[in-house]
1. I'd like the residue in region 35-70 that is basic (K, R) and assigned to a loop (DSSP other than H, G, I, E, B) and, out of all such residues, is nearest to the chain's Cα centre (by Cα).
2. What number of residues in region 334-347 are over 30 Å from T205 (Cβ atoms) and not in a strand (DSSP E or B)?
3. Regarding V200, is this residue β-branched (V, I, T), under 20 Å from G160 (Cβ atoms) and surrounded by 19 or more Cβ atoms within 10 Å (Cβ to Cβ)?
4. Which of the residues belonging to region 334-369 are in contact with a strand residue (DSSP E or B) (Cβ under 9 Å, 6 or more places away or on another chain) and free of Cβ contacts under 8 Å to residues at least 60 places away in the same chain?
5. Would you be able to tell me the number of residues in region 308-321 that are at pLDDT 95 or above and surrounded by fewer than 19 Cβ atoms within 10 Å (Cβ to Cβ)?
6. Looking at region 220-237 only, could you name the residues that are touching a residue at least 60 places away in the same chain (Cβ under 8 Å) and within 17 Å of N164 (Cβ to Cβ)?
7. Determine whether G250 is touching a Leu at 6+ places or on another chain (Cβ under 9 Å) and either closer than 26 Å to L39 by Cα or assigned to a strand (DSSP E or B) (or both).
8. If you go through region 210-239 one residue at a time, how many are of a type in the set (G, A, S), out of contact with any strand residue (DSSP E or B) (no Cβ under 8 Å at 6 or more places or on another chain) and either modelled with pLDDT under 95 or under 21 Å from H314 (Cα atoms) (or both)?
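The values are calculated or read from the model by the stated rules, or taken from the named source; none is laboratory data. This is a predicted model, so every value here is computed, not measured. With ideal geometry, Cβ positions are generated from the backbone for all residues, glycine too; neighbour counts draw on all protein chains shown.
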Amino acid sequence: MRRNLLLSSVLVGSMLACRPAPAAADLPDGVWVRDGYRLSVAAECDFRARFMAVGPDGTLFVSDPAGGKIVACRDADGDGVYESQHTFVQGYPTVHGMQWHDGALWFTQTGAIHHARDKDRDGVADDVVTVIPEGSLPQGGGHWWRPILIHDGRLFTGIGDSGNINDERDSERQKLWSFELDGSDKQLFVSGIRNTEKLVVRPGTDEIWGMDHGSDWYGRPAGDVQGSQPITDLNPPDEMNHYVAGKFYGHPFVVGHRQPRLEYLDHPELHELAVQTEPPAWCAGAHWAANAMTFYDGMQFPKSVRGSAFVAYHGSWNRSQRAGYQVTLVLFEDGRPYGELPYVKFLDKAGRVLGRPVDVVVDRDGTLLISDDHGRRVYRLRYVGSGEDGE
């Protein structure tokens with residue numbers, strides 16, 4: 001490991017300008033919320049809020065990849081609104097995934113992994129320890145995002161396709177990797193992924209899950225072009241995968257339920273690659289851009305929600321009509337998904353984008369936090385219905 005001193009505490013520790021969060025009535029006009037739930041603004045940010053983690057004391061950490069920082073948000077009076085924001089760390093371009101573990105916030109960059117501690121609990125990290133130094137992982141490319149998961153004494157991260165549908169089987173890309181917590185003992189976990197931005201464990205199990213982005217321009221070999229893309233509009237799906245050690249998940253050759261990419265129809269190994277492909281546990285909408293998922297294990301929502309997974313869909317670009325831009329609940333029974341319901345929609349009936357969800361996390365009180373890098377906000381979803389309660 002390598003220990004990095006932070007920038008001057010005067011620079012890093014200064015409180016960010018924090019606008020008061022508006023009331024629920026000030027949500028963008030046209031946002032749809034499922035009956036029995038209320039959406040409110042938990043934090044207004046002066047940056048594009050991306051991924052999140054909740055510390056044991058309730059501090060909400062939010063990543064700002066473009067600004068190279070992580071912001072610590074605190075709700076001192078417990079009213080559900082984060083009144084203060086401090087720069088926890090900065091100077092780490094493309095900072096992305098986060099997880100609290102063993103008294104420290106672990107976080108990723110495109111080519112490195114660190115962890116930081118806030119010993120005096122002032123919202124500012126005292127120092128940063130580099131576990132995997134810059135250059136040890138492939139950097140940049142078309143998919144520079146790096147998830148992080150610490151589970152069963154191992155550290156997991158992923159490296160996506162450098163472009164759209166490259167054959168990078170002989171590289172470190174398109175794979176999930178695991179390490180000892182000191183960054184040693186690098187091991188291949190799974191292969192054949194395109195871009196999985198978050199990894200989670202299904203509660204009560206050792207199962208690792210994640211949402212993988214589908215590839216773009218599926219119908220181009222058949223004649224799809226911008227504005228006339230009947231095949232691409234509906235293909236391929238985003239994938240919810242249960243990642244099992246040693247498995248191959250199809251990318252770039254096979255999508256969805258073992259459906260070949262048209263560009264690889266003449267590949268001499270295509271049939272064997274299809275045989276090896278582990279199909280997704282659940283198929284989501286094409287080009288919905290599933291950035292994150294989290295299993296609901298809180299107590300505030302109805303019992304019927306527990307054990308199912310909320311998914312944040314950032315929204316499409318490779319479609320003739322917009323789709324995604326919502327948070328859904330993928331329903332689970334006996335450990336397998338079987339259906340999907342919308343809970344918050346940030347695309348109105350006129351096709352206006354009112355928000356772009358990035359991440360979903362369960363807060364300590366059981367409410368659901370939703371980051372939106374379009375509106376630069378963090379939302380809170382709370383159950384307010386009657387009948388089946390969240391006891």
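1. Of everything passing the filter in region 35-70, R50 is nearest to the chain's Cα centre (by Cα).
2. Adding up the residues that qualify gives 1.
3. Working: β-branched (V, I, T): yes; under 20 Å from G160 (Cβ atoms): yes; surrounded by 19 or more Cβ atoms within 10 Å (Cβ to Cβ): yes.
So V200 fits the description; yes.
4. Passing the criteria: R336, Y338, G339, E340, L347, V353, R356.
5. Residues that pass the stated criteria total 0.
6. Selection gives Q229, T232, D233.
7. So G250 fails the test.
8. So the count comes out to 1.
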